[in-house]
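Structure, as structure tokens:
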Amino acid sequence: MSEYRINTKCVQGGYTPGNGEPRQIPVVQSTTFKYATSEDMGKLFDLEAEGYFYTRLQNPTNDMVANKICQLEGGAAAMLTSSGQAANFYAVFNIANCGDHVVASNSIYGGTYNLFAVTMKKMGVDFTFVSPDATEEELNAAFKPNTKAVFGETIANPALTVLDIEKFAKAAHEHGVPLIVDNTFPTPINCRPIEWGADIVTHSTTKYMDGHAACVGGCIVDAGKFDWMKYADKFPGLCTPDDSYHGITYAEKFGMGGAFITKCTAQLMRDFGSIQSPQHAFILNLGLESLHVRMARHCENAMKVAAFLSASDKVKYVNYPGLEGDKYHELAKKYLPNGSCGVVSFGVKGGRAAAEKFMKFLKLGAIETHVADARTCCLHPASATHRQMNDAELEACGVYPDLVRYSCGIEDAEDLIADLAQALDQI
Ligand SMILES: *Cc1c(COP(=O)(O)O)cnc(C)c1O
């Protein structure tokens, strides 16, 4: 598949049927797999032979879909997880354990921020949060001797900041650690972080990849470019024998291309079990088949909606990286030349009350805790995801009381704009 363009990989990547085999990927609806002898199975347990033995670790359907996403991102190996939360947790915890430290952008998804700042902190992993706009000096100053990774989001949810991937990759590599990038919002259709120096890419496949609000899921892709053995003292989990896995040294046995995902599967998936069901992987793949077609329409609609909102005298500000004059437009031109995403955020004049009133009048844009769906949806973070914060706290984290997050679906842009216009007229 590597010789084909990305649109073709969306449709046909990950699975090539043989003669007389099913055209669509088979759903291997089985928790377990049969073997003739215990020796055969023993080889699988020792990671001496490739094969399946229990769906908590690996399942052929999941592997086909992970393989497609791996091809889309230009990676070496990939795995599916039960959610985007599980993907980000595994990606970080695979290399950063109790006593370790991670540098993360402070402009990230709220769930990820909570995972890092509260839950992983309780596990003994310490995070330093930096601005996505940090200078090289500020970035370098965030590193400690026990830093094991750098983390950021290509386009942050919901702030819509754009990560300077090359700058973050350079800082990470100068300190001998990998860069992990959550690429959920642009998807590999609009940006492939590995091409800009990222080492690990994660996804909430719940968003555009599935694209139909049907299945929660996640994915981790390893570029296979980080030389763990060169920094063996930093990454003992990959570079010294794993006693819980028959003394295997992952970086030696599986090399740069296989070590990260094999360890993540053999240890973390074995022990935490956040596997995606093969049914969900099948549905995710249906979404992936049209990802390239949908992303183009999401972005086209968002550009039109952002332009309409910018021109409205009822709107105070609009954040959309595709928009000329946006704070992140220059970075978007570099990293997202074909479009950014379908999510636009904006402030309604009249503050919190006006934002709430406006949303009540929307007919096509449904109020949902979701983004990146074929159907347009919107959220007023101050009265939903961030409702425990007062106005001063909201302003401190850049989620203003008047902010509306509007996720453009793939409906007709003229209908979306007419819906927005009638709702704005009522405030
Ligand atoms: C939604 C989201 C997540 C979490 O994914 P789930 O599939 O909901 O667990 C992580 N990162 C980003 C950027 C997201 O938008």
(message) Being buried (at least 18 other Cβ atoms within 10 Å of the Cβ), in contact with a Ser or Thr (Cβ under 8 Å, 6 or more places away or on another chain) and in contact (Cβ under 8 Å) with a residue 12 or more places away in the chain: is that true of N319 here?
(response) yes
(message) Of all residues being of a type in the set (A, V, I, L, M) and in contact (Cβ under 8 Å) with a residue 60 or more places away in the chain in segment 182-204, which is nearest to the ligand (Cβ to nearest atom)? Just the residue, please.
(response) V201
(request) Identify the single condition in (1) touching a residue at least 60 places away in the same chain (Cβ under 8 Å); (2) away from the ligand (no atom under 13 Å from the Cβ); (3) buried (at least 24 other Cβ atoms within 10 Å of the Cβ) that L179 does not satisfy, given that it satisfies every other one. (result) (1)
(message) Given the criterion over 23 Å from A76 (Cβ atoms), more than 22 Å from the chain's Cα centre (by Cα) and not in a helix (DSSP H, G or I), identify the matching residue among D233, D271.
(response) D233
(message) Against the definition (under 23 Å from L44 (Cα atoms), under 27 Å from the mean Cα position of the chain (by Cα), touching a residue at least 60 places away in the same chain (Cβ under 8 Å) and not in a helix (DSSP H, G or I)), how does I220 come out, yes or no?
(response) yes
(request) Residue by residue through segment 210-222, note down the ones that are charged (D, E, K, R) and within 10 Å of the ligand (Cβ to nearest atom). (result) D210
(request) For segment 7-35, name all the residues that are closer than 23 Å to Q71 by Cα and in contact with a helix residue (DSSP H, G or I) (Cβ under 6 Å, 6 or more places away or on another chain). (result) N7, K9, C10, G13, G14, Y15, I25, V27, V28
(message) If I filter segment 99-132 down to residues being more than 25 Å from K225 (Cβ to Cβ) and β-branched (V, I, T), which single residue comes out as nearest to the ligand (Cβ to nearest atom)?
(response) T119
(message) So if I check each of V125, V65, which one is surrounded by 20 or more Cβ atoms within 10 Å (Cβ to Cβ), closer than 30 Å to G247 by Cβ and either of a type in the set (V, I, T) or not assigned by TED's automatic domain parsing to the domain that holds P186 (or both)?
(response) V125
(message) Kindly evaluate K360 against the criterion of being part of a helix (DSSP H, G or I) and surrounded by 22 or more Cβ atoms within 10 Å (Cβ to Cβ).
(response) no
(request) Being at negative phi, of a type in the set (G, A, S) and more than 16 Å from the ligand (Cβ to nearest atom) is the filter here, so list the residues in segment 52-77 that pass it. (result) G75, A76, A77
(request) Quickly run through segment 82-98 and pick out the residues that are more than 10 Å from the ligand (Cβ to nearest atom) and within 12 Å of M269 (Cα to Cα). (result) Y90, A91, F93, N94
(request) Taking L291 as meeting all but one of (1) farther than 26 Å from Q12 by Cα; (2) touching a Pro at 6+ places or on another chain (Cβ under 9 Å), write down the number of the exception. (result) (1)
(request) Can you give me the ranges of the helices (runs of 4 or more DSSP H) entirely in segment 274-347 with at least 1 residues that are on the phi < 0 side of the Ramachandran plot and charged (D, E, K, R)? (result) 291-311, 329-335
(request) Return the only residue of K234, K230, K225, K207 being within 14 Å of the ligand (Cβ to nearest atom) and within 22 Å of F168 (Cβ to Cβ). (result) K207
(request) Report yes if M41 is more than 30 Å from D243 (Cβ to Cβ), modelled with pLDDT under 95 and of a type outside the set (S, T, N, Q), otherwise no. (result) no
(message) Need pairs with beta-carbon distance below 6 Å; first residue within 16 Å of the ligand (Cβ to nearest atom) and within segment 364-390, second among the basic types (K, R); sequence gap 6+ or separate chains.
(response) A372/K207; L379/R405
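The values are calculated or read from the model by the stated rules, or taken from the named source; none is laboratory data. Predicted, not measured: the structure shown is a model, and the values here were computed from it. Every residue, glycine among them, receives a Cβ derived from its backbone with ideal geometry; neighbour counts consider all protein chains shown.
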